[in-house]
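Below is one structure, written out as structure tokens; comments come after it.
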Amino acid sequence: MIQSVSLIEASNLTKVFRRADKGPGLRGSLRHLAERRYVEHVAVDHIDLSIDAGEAVAYVGPNGAGKSTTVKMLTGILVPTDGDIHVAGRVPHRERIENARNIGVVFGQRTQLWWDLPVRDSLELLRDMHGMTQSRYDKSLERLDAVLGLADLLSVMARKLSLGQRMRADLAAALIHEPSIVYLDEPTIGLDISVKDRVREFARHLVAEGTTVLLTTHDLDDIEDICRRIIIIDDGRFVYDGDLESVKNTYARECAMHFQLAAGAPVASVSARLPEATVTLGDSERELIVTFDRFALSTGTVLNAVLPDGEVLDVSISEPAIEDVVRKVYAGELRLDPGNGKAAT
């Protein structure tokens, strides 16, 4: 039986930065000239990573956790201090040109457009750099225009683009050569809601076509819209690596139903019928909130417990989100075992 090889494979991947350890002021600088001292900072600490073709993986963690450093090693920008790394069978920092032809990268706070050129010229320069034929380029541009709405941007100087327009143009620049792997590093940072929705839709479109996507973001709505797998990293080490829905089902089970009633909310009687749930008043005496484990109680059971005590005018449900899990991990309230996804106590 032939085993499939992961498209992205890293083993024992490590990146250590050396920083000058100078004392304060001019005296410290002069002393450093005579006796150089350094401190080491481990940004990525012996991680193993395996991503198959067509996967959409969220790579999340607090600032300084090692996310961007990992992406820079995968793209060949940084050389690992230790460990092995292969992207589509290539070592990124040794085969940078070949690797670059197979990947697309979007850094939300940086642009790859030429600042004083129209967007069209930047894209045509990239066409030539990637050795694309005119017919292939035209087809790719037409496809990107259909999703990103590029027509009105092509003649505009990059420096005159709004943030949302620049992000759309940067996505086109990263994807014009039809890469099989796309790294999205904070792709929706600073964007308004409508533009975020457009970028997310496009990312889902890429995944549906079979493109491998690694998404680095602080916007947890991006994760739930695009990805099925999540990796949480902190202090350069994996905290969790597993299925997004599984981690939600295990650690974000709590659900809430909000009832607007015609008369006063019957907290006591509903509590008696639902001892497994927490029943509270909302912002008014006519709002009832029932919080429960969605795997222990069904919404139908909760509704039937409320109906006997009054007329229900409106019902809304607050579903759990991956944000609840990630927030607890960041706050130190929940520790996950990276091997099996079980919470550590």
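The values are calculated or read from the model by the stated rules, or taken from the named source; none is laboratory data. Quick caveat: nothing in here was measured; it's all calculated off a predicted structure. Positions of Cβ are backbone-derived with ideal geometry, glycine not excepted, and every protein chain shown enters the neighbour counts.
Values computed for the structure shown
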read-out	value
Cβ-Cβ under 7 Å pairs, at least 6 apart or on other chains, the range 240-258 side at negative phi, far side assigned to a helix (DSSP H, G or I) and among the acidic types (Asp, Glu)	ALA252/ASP324
Residues of the range 65-89 that turn out to be in contact with a helix residue (DSSP H, G or I) (Cβ under 9 Å, 6 or more places away or on another chain) and surrounded by fewer than 16 Cβ atoms within 10 Å (Cβ to Cβ), as a count	2
LEU214 being in a strand (DSSP E or B), touching a strand residue (DSSP E or B) at 6+ places or on another chain (Cβ under 8 Å), under 30 Å from GLY104 (Cβ atoms) and modelled with pLDDT of 90 or more	yes
Options GLY131, GLY149, GLY164; residue that is under 27 Å from the mean Cα position of the chain (by Cα), on the phi > 0 side of the Ramachandran plot and in the same structural domain as ALA208 (by TED's automatic domain parsing)	GLY149
Subset of the range 304-330 [more than 18 Å from the chain's Cα centre (by Cα) and part of a helix (DSSP H, G or I)]	ASN304, ALA305, VAL306, LEU307, PRO308, ASP309
Residue identified as of a type in the set (D, E, K, R), in contact (Cβ under 8 Å) with a residue 24 or more places away in the chain and either farther than 30 Å from VAL57 by Cα or crowded, with 18+ Cβ neighbours inside 10 Å (or both) among ASP293, ASP309	ASP309
Test for VAL290: is it in contact with a helix residue (DSSP H, G or I) (Cβ under 6 Å, 6 or more places away or on another chain) and at pLDDT 85 or above	yes
